[in-house]
Amino acid sequence: MAGLCASLFNLGLFHWQNDEPAEAFGAWVTAYRQARSMGLSQVLDTLEKLADQPGLPGGLDAWETLAQRMDQAAAGDGPALTVEL
């Protein structure tokens with residue numbers, strides 16, 4: 001799973017560099033969820049450092065909040081999730 005997390009992280013970077021923030025955040029949140037469930041501290045540390053760069057202050061708490069908002073939007077329990085930076 002560590003390899004999957006690394007691939008998702010890199011996929012997020014690819015999308016970010018190609019001005020596709022929604023896809024980037026989707027890949028990074030998926031990497032966050034996988035790393036959290038498996039306790040992959042190296043991936044979590046990297047995501048924590050990354051959070052401030054795209055405007056997500058709060059480190060890992062920001063990724064958790066974003067993951068919850070994405071779940072709510074997908075379930076129709078909240079507004080459609082938009083990414084504004």
### Query
Considering 31, 73, which residue is surrounded by 14 or more Cβ atoms within 10 Å (Cβ to Cβ), assigned to a helix (DSSP H, G or I) and at pLDDT below 90?
73
### Message
Just to verify a result, which residue in region 19-28, among those that are free of Cβ contacts under 8 Å to residues at least 40 places away in the same chain and surrounded by 18 or more Cβ atoms within 10 Å (Cβ to Cβ), is nearest to the chain's Cα centre (by Cα)?
### Response
28
### Message
Kindly evaluate residue 16 against the criterion of being out of contact with any Gly (no Cβ under 6 Å at 6 or more places or on another chain), among the aromatic types (Phe, Trp, Tyr) and surrounded by 12 or more Cβ atoms within 10 Å (Cβ to Cβ).
### Response
yes
### Query
Which pairs do you get when a residue that is at pLDDT 85 or above, found in region 41-61, comes within reach of a residue that is of a type in the set (Asp, Glu) and surrounded by 12 or more Cβ atoms within 10 Å (Cβ to Cβ), reach meaning Cβ atoms under 8 angstrom, with the pair 6+ apart or on two chains?
59/48; 59/52; 60/48
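The values are calculated or read from the model by the stated rules, or taken from the named source; none is laboratory data. Nothing here was measured: the structure is a model prediction, and the numbers come from that model. Here the Cβ is made from the backbone with ideal geometry for all residues, glycine too, and neighbour counts use every protein chain on show.
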